[in-house]
Each structure stands twice: as C-alpha cells, then as structure tokens.
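Below: the structure, in structure tokens.
Any read-out appearing in this document is the output of simple, stated calculations on the displayed coordinates, not a laboratory observation. Quantities reported herein were computed from a predicted structural model and do not represent experimental measurements. Note that we place each Cβ from the backbone using ideal geometry, even for glycine, and neighbour counts take in every protein chain shown.
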Amino acid sequence: MTCKAVERVEVMRLVIHDLEPGHIDRLFPEQPLNLLVISPDAPIHHCVGCFGCWVKTPGACVIRDRYGDLGELLAKSQDVLIISRCCYGGFSPFVKNVLDRSISYIHPFFVNKNGEMHHRRRYSNHARLTVWFYGNVTEQEANTARGLVEANAVNLWWEAAEVEFYPSPKEMEAGCYEDRAN
C-alpha cells in the first residue's frame, strides 16, 4: 500500500486546544482562512478502540460526531499547533481525546523506522508539530512532555518543531503563533 495523497488548495494550519472561550481569539485575532481551530466547544466521544477507522471506514472514525474526520484534517495540515494544559507531563483530557480519535491518520500495519516498529503512513503530508503547554509544570513533567511530543511526532511521521511552556494561557498572547510560523 502506498500513502494516500489528499488534495490541498492551500496549506492548512491546524490548532487543537483546550483553552477557555476567548483565549484562542486573543491568540489569533485575525484568523486566516487556512487556519482551522479544534476547540472543546462540542461534546467529543472517547475512542472505543474498535479499529473501525482502520478496517470498516479507513481514514475516518466510525463515531460520526464533529470529530469523526480528524485523520483527514491532519492529512491536509502542514502545521499543527497543540495548546494544552500540562497534566503530569502529558496532554489535557480533551487534547488527548482528540489525538486518540485521530488514529485513522495512520495505517494499522507496521514498518521498521530507525530500528523501531511504527504504524505505516496513510497520507503523504509532512507536518510540523508545535506544542504549547501551560500550567504549573515541574522540570520532571517538562522532560516527560518533551519526550511525549517527540514520540508523537515520530509516530505520526511529523517533525517536532518546538515545545514551549507557559505559566498560563495569558503569557502565550505575547508571542503569537502566526508571527512564528511565517
């Protein structure tokens, strides 16, 4: 099997976040047309581990809620920004759930990559992953979070561009993603 190419009119930039309403608008006051924001403003069902996105409806989650096509959205993205509260060195429950529901982005089959077993690519895009964690983070949690982001990037066949830590979402507003991405 080869990687599936997804047509792209423009390079899409995807933001997945767990911020309270209003914070994302302050981070991106003028949202460009190619920016898609996934917010915790609608109920999300948990992945049930049925593998339907791999065998029944390849590339799409069988749970048909607002988050059912995350694999294809990731395939259309060149830049992915995750903004999450740091929970013991990991993502917040909402962000983790979004990532779990995105498993359709990769194949169920395995390949050897750098001496390790990883899922095969389903799509041919190459994305840059940037993660902004916020909250009271210990050094041990920060090290765990950096390792998690690096592992996620490897598993998704992406580049881990940067991982940053902020005391709160307010401090993120000083350095906007749009300025850094250009």
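Overview of results
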item: Candidates K96, K76, K170, ranked by Gaussian network fluctuation over the chain, Cα under 10 Å, top entry; result: K170
item: The chain, helix-only ellipticity at 222 nm - DSSP H runs n ≥ 4, -39,500 (n - 2.57), divided by all residues, nearest 500; result: -7000 deg cm²/dmol
item: Size of charge dipole - segment 12-181 - debye, nearest 20, with Cβ of Lys, Arg +1 and Asp, Glu -1, no other charges; result: 780 debye
item: Dipole axis of the chain (+1 Lys, Arg; -1 Asp, Glu on Cβ), positive-most option in S39, Y67, A161; result: Y67
item: Relative contact order computed over segment 93-182 (Cα-Cα under 8 Å; 6+ residues apart), in percent; result: 27 percent
item: Cα centroid of segment 26-54 to Cα centroid of segment 85-114, whole Å; result: 13 Å
item: Mean Cα-pair separation over length for segment 12-181, i.e. relative contact order, pairs under 8 Å, 6 or more apart, %; result: 24 percent
item: Point-to-point label distance, C50-F165, nm (Cα→Cβ direction, 7 Å offset); result: 4.0 nm
